[in-house]
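FYI, it's all coordinate maths here, none of it is from the lab. All values reported here derive from a predicted model rather than from experimental measurement. For neighbour counting, all protein chains shown are included, and Cβ atoms are generated from backbone atoms with ideal geometry for every residue, glycine included.
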Amino acid sequence: MVDDHMLHVGYFIVCQPDPVVSSCFSCFVVFIVKRRNFLLIYQGLQISAVARIRDELAYATHTFFRKNGFRYVHTPIITTSDCEGAGEMFQVTTLFSDAEKVEKELKQNPRPSESDIEAAKLLVKEKGETVSQLKSSKASKQEISASVSELTKAKESLSRLEERFKLKAGIPQKDGKIDYAHDFFGRQAFLTVSGQLQVETYACALGNVYTFGPTFRAEHSHTSRHLAEFWMVEPEIAFANLEVLHVEIVDDMNYAESYVKFLCKWLLDNCLEDMEFMVKNFDKAAIERLKLVSSSPFERISYTKAVQLLKNVTDKKFENEVGELIGGSQREERLDVLVKRSLEIILMLLFPAFFCRITDSGLPLEPYEWYLDLRRFGTVKHSGFGLGFERMILFATGIDNIRDVIPFPRYPGRADL
């Protein structure tokens, strides 16, 4: 007998006539049984291989930063800060669900009238006068206690009526705009697009730190390079600018280069069988690319020069072969410049990294006061970078669609499970 709510995990063999893969292969199967509805999810060789590669890269990420003296900081998923300044953030709000609850409540139990409120106030007044009379006449303690109890009940009833009287259907507004003071967090809140700003708060306290977690962007893009939910690796290096540093401190670019090389070498040493599968079925150059990247020094040129070099190539067409893997910058530690100037493009590595300078970007100062305080009360030069985890998997495997390298892809119109 099978319980309707039981989760069954099984293992079976599926025949596969496709000559690209073996004639039979094992599949991991999940049966979810609920009220005779069966959801069967089977994961073949590609999904299994990608899952293992993803796991190895995640483990390698933590290993690299631990070996290099970084501390792992859990930055929030819900934030009031817009690190990118692009306005493409998912909003976190309970205003709509709250409005639906209020509307349903008012239909079932209409709010009190003004006369109901006045009657309740009059009752409280009468009960209060009764208590005063009993005390002045030196009534028994039992009588006074009973009267006080009735007064308390009358006050509680009045309070409930007044609260219900304030209820209004619809989204609360103030001065013609949505009043977020009534929202869950008392202000606008969003799903984070980056943990960079928050992880900076720990850089001056702990030294080198990093965050590794999910980030979100409400971009209506259906390309093979974009997801609505994706993972970012974002280290922050204290006492560091882009290149010229204290002799004992490795600079931002060197950390970025060493990290990518470490990931490539890790896959060669710990995931070679899966990489051979990728070579056989997706990208014949995948392993050679990992070997080349893990053993060769990176060229360092300006973004302007990189663009010019690409423009000079006339005998070749680039199709989804050129893109950003890592973007980074030295953070602006000067308070006056941070407040005054607009969005700055910092030229680094081969691609631009964007850093918000607040006022001229049209962003309100108030949500960023905590960030400005990091400069007001003393700071140091620090730098960092961000690596798109799914893009690293694309780079390593040669798979051409980013939706195929994350377990549960989220993109416009799709958020299954």
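Basic side chains Lys and Arg get +1 at the Cβ, acidic Asp and Glu get -1 at the Cβ, and with that the dipole of region 95-178 about its Cα centre reaches some 180 debye.
Taking 0.36 nm per residue of sequence separation and removing the Cα-Cα distance, the Gln308/Ala139 pair yields an extension gain of 51.2 nm. What lysines sit close enough to Lys265 to cross-link, taking a C-alpha to C-alpha distance under 23 Å and skipping anything fewer than 8 places away on the same chain? Within the straight-line limit of under 23 Å, Lys265 reaches these lysines: Lys67, Lys280, Lys284, Lys291.
The GluC sites (Glu not before Pro) of region 50-131 include none that meets both conditions, a loop assignment by DSSP and at most 11 other Cβ atoms within 10 Å of the site Cβ. For the peptides 261-273, 282-294, 388-400, the ranking by mean Cβ contacts within 10 Å, running from highest to lowest, is 388-400, 261-273, 282-294. Computed from backbone phi, the HN-Hα couplings of region 64-70 come to 4, 6, 5, 5, 9, x, 8 Hz, rounded to whole numbers (Karplus: 6.51 cos²θ - 1.76 cosθ + 1.60, θ = phi - 60°; Gly and Pro given as x).
Using 1/(1 + (r/R0)^6) with R0 = 45 angstrom and r between the beta carbons of Lys284 and Arg71, what's the FRET efficiency to the nearest 0.05?
Computed FRET efficiency for Lys284 and Arg71: 0.65.
For region 88-105, putting each phi into the Karplus relation 6.51 cos²θ - 1.76 cosθ + 1.60 with θ = phi - 60° gives couplings of 10, 10, 7, 8, 9, 8, 10, 4, 5, 5, 5, 5, 5, 5, 5, 4, 5, 5 Hz, in residue order, rounded to whole numbers and with x for Gly and Pro. Each residue, Lys174 and Lys317, gets one label point 7 Å from its Cα in the Cβ direction; the gap between the two is 5.6 nm. Label positions at Glu162 and Phe298, each projected 7 Å from the Cα along the C-beta direction, are separated by 6.2 nm.
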